[in-house]
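Everything on this sheet refers to the single structure shown next.
The values are calculated or read from the model by the stated rules, or taken from the named source; none is laboratory data. Since the structure is predicted, the reported quantities are computational estimates derived from the model, not experimental observations. Here the Cβ is made from the backbone with ideal geometry for all residues, glycine too, and neighbour counts use every protein chain on show.
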Amino acid sequence: MSEYDPAAETDPAAGDTGYQEDPGYDVVVAEQTDGSTAYFIDTDHDGVANAVAYDVDGDGDIDKAFVDTDSDGRLDTLVVDRDGDGNPDAFYSDTNGDGRIDVVGLDNDGDGNLDQVAIDRDFDGDADVLVTDSDHDGTLDTERYLDGGANPYTRH
C-alpha cells in the first residue's frame with residue numbers, strides 16, 4: 001500500500017487547495033471493479049438521491065440515468081443511451097407515480113431528436129397516443145390515437 005501525501009497534489013502558494021469547488025449538490029461516486037461507475041446525486045441535500053447515473057461499460061459516458069423529475073422522492077424517469085454513442089436516445093417516465101411507465105420517447109435514427117413518443121393518457125398500462133416525426137425534420141408532427149377513448153375529436 002502506498003502512502004498518501006497531500007502536499008504532492010496541491011500547491012498552496014498558487015492558491016490550489018486540492019479541493020474542487022462545491023457544485024451546490026452532493027455526489028457519491030461508486031466505481032466498480034468491472035469498470036462501471038454509478039453516480040448518486042442529491043441536489044436538495046435531503047440525503048435522498050434525486051438522480052442516479054450509471055456508466056455500465058466503463059467508457060466514461062453515462063449509459064443510464066434515473067431521475068426524480070417531480071421532486072416526490074421517487075426516481076420516475078429513466079434516460080438511456082441504447083447505442084453507446086454518448087447521447088440519450090430513449091426515455092421512460094412514470095408521470096403519475098403508480099409504478100408503471102406512462103410516457104416513452106425514442107430517437108430511432110440517432111440524430112438527437114425524438115422520433116416517437118407513446119403516451120398512456122388514462123394510466124391503464126397501454127399506449128393511447130403515438131406521436132411521431134413523420135418527415136424527420138426534428139419536430140413531432142403526427143398523432144395517432146391507439147385507443148378510441150383517447151381521441152379528443154371522437155364523439156362519445
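Condition test on residue 69, is it among the hydroxyl-bearing types (Ser, Thr, Tyr), in contact with a strand residue (DSSP E or B) (Cβ under 9 Å, 6 or more places away or on another chain) and at pLDDT below 90? Before you say what the answer is, go through the steps one by one.
Numbers: among the hydroxyl-bearing types (Ser, Thr, Tyr): yes; in contact with a strand residue (DSSP E or B) (Cβ under 9 Å, 6 or more places away or on another chain): yes; at pLDDT below 90: no.
No; evaluated as a whole, the condition is false for this residue.
What are the residue pairs meeting all of these: first residue in the range 118-130, first residue surrounded by fewer than 15 Cβ atoms within 10 Å (Cβ to Cβ), second residue modelled with pLDDT under 90 and among the small types (Gly, Ala, Ser), Cβ atoms under 7 Å, and 6 or more apart or on different chains?
As it stands, the answer is 122/149; 122/150, since those pairs meet every condition given.
Looking at 86, 58 in this structure, which one is at positive phi and exposed (fewer than 13 other Cβ atoms within 10 Å of the Cβ)?
Working: 58 fails: exposed (fewer than 13 other Cβ atoms within 10 Å of the Cβ).
Being at positive phi and exposed (fewer than 13 other Cβ atoms within 10 Å of the Cβ) holds for just one of 86, 58, which is 86.
Let's see how each residue does on (1) in contact with an Asp or Glu (Cβ under 8 Å, 6 or more places away or on another chain); (2) under 20 Å from residue 25 (Cα atoms); (3) part of a strand (DSSP E or B); (4) modelled with pLDDT of 90 or more:
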{"residue": "54", "(1), (2), (3), (4)": "yes, yes, yes, yes"}
{"residue": "61", "(1), (2), (3), (4)": "yes, no, no, yes"}
{"residue": "75", "(1), (2), (3), (4)": "yes, yes, no, yes"}
{"residue": "88", "(1), (2), (3), (4)": "yes, no, no, yes"}
{"residue": "100", "(1), (2), (3), (4)": "yes, no, no, yes"}
{"residue": "110", "(1), (2), (3), (4)": "yes, no, no, no"}
{"residue": "121", "(1), (2), (3), (4)": "yes, no, no, yes"}
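Might you check whether a residue that is touching a helix residue (DSSP H, G or I) at 6+ places or on another chain (Cβ under 9 Å), without any contact (Cβ under 8 Å) to a residue 24 or more places away in the chain and outside the structural domain of residue 144 (by TED's automatic domain parsing) occurs anywhere in the range 21-44? Spell out the reasoning first.
So the first thing to find is which residues in the range 21-44 are touching a helix residue (DSSP H, G or I) at 6+ places or on another chain (Cβ under 9 Å), and the list is none.
Scanning the range 21-44, I find no residue that is touching a helix residue (DSSP H, G or I) at 6+ places or on another chain (Cβ under 9 Å), without any contact (Cβ under 8 Å) to a residue 24 or more places away in the chain and outside the structural domain of residue 144 (by TED's automatic domain parsing), so the answer is no.
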